[in-house]
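First the structure, in the form of structure tokens, and then the observations on it.
The values are calculated or read from the model by the stated rules, or taken from the named source; none is laboratory data. Remember, it's a predicted structure, so these values are computed and weren't measured experimentally. Here the Cβ is made from the backbone with ideal geometry for all residues, glycine too, and neighbour counts use every protein chain on show.
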Amino acid sequence: MTTFMPVTGLGVPDPVPPRRRRWSTPARLRALTVLAVVLAVAFGALVAVTAADLRGGLRRAGGREAPRSLAAADLRIRLGELDSALAALLAAGVRDRDEPARVQARDRFQRALARANADLRELAGARAAAHETRTIMDGLGRYQVLAAAAGEARGADRAARHRDAAALMRETLLPAAKRLADSAHRDLDRTYRETHRTAGGTATAANWLGLALLAVLGPLNALLTRRHRRMINPPAAAASVLALLLVAQAAGMMRTQADGLRTLKTGPYESARVYSEVRASEWTREPAVHGSPEPAARLKRASLYTATIAGDVSAVDEEFLRARHEEGSAGAWEAYDRLLATLTDVNRRDLDRRARAASREVEPWATLPLGGAALLSALLIAGVRPRLAEYR
């Protein structure tokens, strides 16, 4: 086949101009390096933001709102103890032979009052429930006045003062404590959902940026190797290894901490809350959790979780039933209450331990990703800059 060449007026063929590449090697090196640096910095910043969100959520949920919620649940127990101790104190009579019973009931009243005040101090910082906290504080002061008046009165006047104190407890203090407990639980649930949603969104974006960074570093290393006839560019290779480690470790950290936050809420916190509600229902004579399928299922989940952290308590539901209904004696009731208190304390300690451990683990990631991005950028520049100098 004959190829016709363009000719000049003298019959000499015009030379065909050479094809020029759209991107020269230096331009591609610069573009890939700049893109890798931008992606590394963006990745580091997003991981740091995610870590800060998780750390804040863990501190709010595990260090502040979960203890407040459990303190509100415990407050209901203490109010029930106060009412029971006052009834026992007034029923002891005034005879000398009743003195041991009076002393015991008085001591129970003082212990319950001290624990109630401690719970109120724990709840005093919750601005959202400030009204309920003030209501309980004011009502508790009036209750002590009525209890003291009932203790000093005699006959019908004594019974009337006791009825006033019991009415104040039933109509004001216990409903306010229930609202306070519900409000504290809603605060924790809102913190959990907001933290999980925010951290989940930034974690997804950070993972995509990490994958994009690795996708850019691959062609950059290939270009450095192919165009410069070298088997490896050490700084660029080190930057790639660092990026791979950062992306893998950051993805693992974000996934682990998100799962840890969920476990914190559904594991020790929920279990301690369930056991506290069972105790409160017994002390205040409200409907127990055994009365409907949903609370019973919560109790079963709490039992299964507690068995994983406390050893042989897998038959805890049966223990509840035996301790609660065995002969209906005072000793059986005390054993039942002690069992509930022990299980609550086991889960509260587990909650504190998990919250502190998670906070320690996520703490370095608030600064580590940005430091890693800076080091990665420096390695890339150190690897690419001498190669660009060869084209000058």
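Kindly indicate whether GLY201 is over 21 Å from VAL362 (Cβ atoms) and at pLDDT below 90.
So GLY201 does not fit the description; no.
Can you tell me which residues in the stretch 156-178 are within 17 Å of ARG76 (Cα to Cα) and buried (at least 16 other Cβ atoms within 10 Å of the Cβ)? ALA165, ALA166, LEU168, MET169, THR172, LEU173, LEU174, ALA176, ALA177, LYS178, listed by residue number.
Quick grid of which residues meet (1) closer than 30 Å to ARG64 by Cα; (2) at pLDDT 90 or above; (3) out of contact with any strand residue (DSSP E or B) (no Cβ under 7 Å at 6 or more places or on another chain):
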{"residue": "HIS185", "(1), (2), (3)": "yes, no, yes"}
{"residue": "TYR192", "(1), (2), (3)": "yes, no, yes"}
{"residue": "ARG197", "(1), (2), (3)": "yes, no, yes"}
{"residue": "LEU213", "(1), (2), (3)": "no, yes, yes"}
{"residue": "VAL216", "(1), (2), (3)": "no, yes, yes"}
{"residue": "LEU224", "(1), (2), (3)": "no, no, yes"}
{"residue": "LEU246", "(1), (2), (3)": "no, yes, yes"}
{"residue": "ALA250", "(1), (2), (3)": "yes, no, yes"}
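Name the one entry in ALA215, ALA206, ALA148, ALA159 that is over 21 Å from LEU264 (Cβ atoms), in contact (Cβ under 8 Å) with a residue 24 or more places away in the chain and of a type in the set (A, V, I, L, M, F, W, C).
Matching residue, one of ALA215, ALA206, ALA148, ALA159: ALA206.
Each row is one residue, and each column tells you yes or no for (1) modelled with pLDDT of 90 or more; (2) among the hydroxyl-bearing types (Ser, Thr, Tyr); (3) farther than 30 Å from GLY57 by Cβ.
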| site | (1), (2), (3) |
| --- | --- |
| ARG229 | no, no, yes |
| ILE232 | no, no, yes |
| THR256 | no, yes, no |
| GLY260 | no, no, no |
| GLY267 | no, no, no |
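Of all positions in the stretch 125-138, at least one carries a residue that is under 29 Å from ARG186 (Cα atoms) and not in a helix (DSSP H, G or I). Set side by side, the residues ALA61, ALA128, ALA87, ALA91 differ, and just one is crowded, with 17+ Cβ neighbours inside 10 Å and at pLDDT below 90, which is ALA61.
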